[in-house]
Amino acid sequence: MREAVTAKLSSWQKSGWHGRDRYDGLIAGRSAVIVVPPGGNDNRWAWRPEFFDAFPNADVGIVERGMYLAFIAMNDHYGSPKGLMLGEHLYRFMTETLSLSATPAVIGLSRGGLTAYNWAVQYPERVSCIYVDAPVCDFKSWPGGKGKGPGSFADWQKLMAVYGFKNEAEAIAYRGNPVDNAETIARAKIPVLHVAGDADETVPIDENTHEMVRRLREAGGNVEVIVKPGVKHHPHGLDDPKPIVDFVLKNSR
């Protein structure tokens, strides 16, 4: 499997990534990264929609244990339909060109939670599990700033533009946030792991992780939560990423 994959990536630029092989290329005209694990015939992979190589210790652990890692640049798409189309291009490349698994794990940090969840809502059959970290689960909270947090005015304007909202009222009335679709995730029986700090000043935990987890559990979903006492939005992840890595490896297929 590994030799077949690297042969198909021979035209991409090869470099190192935490001791493993990294390939940089273009998919649908967008910068893309694929990290190839050591040896073996494992065809499982994880998609990280945002912030490649930020707080990467869990990603490194996943690759070390045999999974591929993939990324396509989708800055300022905020889980929008246009962003999901970029994910579609990556998905087809990974599954059709590289012949990897049809059910990747999806990893969403911060705003990446919007993409991770919205992808799973649209394509539940294409997701083995979801790991989200300090995730945005309701864009009214961030970047909208309509709750406890300050939001981000610049990102709010970009989000409204990429979604095609005519005005703020239309954005606030939108019912396609992850928190609105928790039942779909639960019904699909997709295992979910949330990691978040209870002092998050940017993406308030009550409006995002706690609300999403509450709705998932009410709908009978399979969700685990790790709350970090006193921790703000950064740093993401855990000092020891083993619980995250174990979750992803256990639930990937």
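Each reported figure results from applying straightforward, stated rules to the coordinates on display, with no laboratory input. These numbers were taken from a predicted model, which means no experiment stands behind them. All Cβ positions, glycine included, derive from the backbone under ideal geometry; neighbour counts span all protein chains shown.
Which loop chymotrypsin sites (Phe, Trp or Tyr not before Pro) in segment 19-67, with loop taken from DSSP, have no more than 12 other Cβ atoms within 10 angstrom of their Cβ?
Values: sites: Y23, W45, W47, F51, F52; in loops: F51, F52.
Sites meeting the loop and neighbour criteria: none at all.
First check a/c for segment 125-247, with a ≥ b ≥ c the square roots of the eigenvalues of its C-alpha gyration tensor; if it is under 1.5, answer rounded, and if not, answer prolate when a/b is larger than b/c or oblate otherwise.
Judged from the Cα gyration tensor, segment 125-247 comes out oblate (a/c at least 1.5, b/c at or above a/b).
Considering only Cα-Cα distances, which of the following residue pairs are longer than 25 Å: K148/K228; K146/K189; K8/K242; K189/K242?
K146/K189; K8/K242
Grab the beta carbon distance between I172 and E3, set R0 = 45 Å, and tell me the FRET efficiency rounded to 0.05. Write out the running numbers ahead of the final one.
Working: r = 52 Å, r/R0 = 1.15.
Here the calculated transfer efficiency is 0.30.
Mind checking which aspartates and glutamates have their C-alpha under 18 Å from K166, skipping anything on the same chain fewer than 8 residues away?
The qualifying aspartates and glutamates are D76, D155.
Could you work out how far apart the two model spin labels at D206 and N41 are, taking each label as a point 7 Å from the Cα in the direction of the beta carbon, and quote it in nm?
Placing both labels 7 Å beyond Cα along the Cβ direction yields 5.4 nm.
Semi-axes of segment 2-251's equivalent ellipsoid from the Cα gyration tensor, sqrt of 5 times each eigenvalue, largest first, rounded to whole Å?
For segment 2-251, the semi-axes come out at 29, 20, 17 Å.
Just subtract the alpha-carbon distance of S99 and D180 from 0.36 nm times their residue separation and send over the number in nm, one decimal.
That pair, S99 and D180, stretches by 25.8 nm at full extension.
If you count the DSSP beta bridges with both ends in the chain, what percent of them are antiparallel, to the nearest 5?
Working: 16 of 36 bridges.
In the chain, approximately 45 percent of DSSP beta bridges are antiparallel ones.
What ranking of R20, R111 emerges when the number of other C-beta atoms within 10 Å of each C-beta is taken as an exposure proxy, fewest first?
Lowest to highest Cβ neighbour count: R20, R111.
In whole Hz and in residue order, list the ³J(HN,Hα) couplings for segment 65-73 that follow from phi through the Karplus curve 6.51 cos²θ - 1.76 cosθ + 1.60, θ = phi - 60°; x for Gly and Pro.
Going residue by residue, I get 9, x, 9, 6, 10, 10, 8, 10, 5 Hz, with x marking Gly and Pro.
Using a/c under 1.5 as the rounded threshold, could you call segment 55-129 rounded, prolate or oblate? The axes a ≥ b ≥ c are square roots of the C-alpha gyration tensor eigenvalues, and prolate needs a/b larger than b/c, oblate otherwise.
oblate
I need the fraction of alpha carbon pairs in segment 1-104 separated by more than 16 Å, rounded to a whole percent.
Roughly 54 percent, rounded to a whole number.
Could you list M160, M212, M85 in order of exposure, starting from the residue whose Cβ has the fewest other Cβ atoms within 10 Å?
Taking fewest neighbouring Cβ atoms as first place, the list is M85, M160, M212.
Starting from the amide H of G108, placed 1.01 Å from N in the peptide plane, find each other amide H under 5 Å away whose residue is 5 or more places distant or on another chain.
Y131, V132, D133
Just add up the charged neighbours of V223: K/R +1, D/E -1, any other residue whose Cβ is under 10 Å from the Cβ of V223.
Details: positive: R214, R215, R217; negative: E224.
Net charge in that neighbourhood comes out at +2.
Could you give the nm distance between label points at K242 and K14, where each point is 7 Å from its Cα heading toward the beta carbon?
Using points 7 Å along Cα→Cβ, the separation is 3.4 nm.
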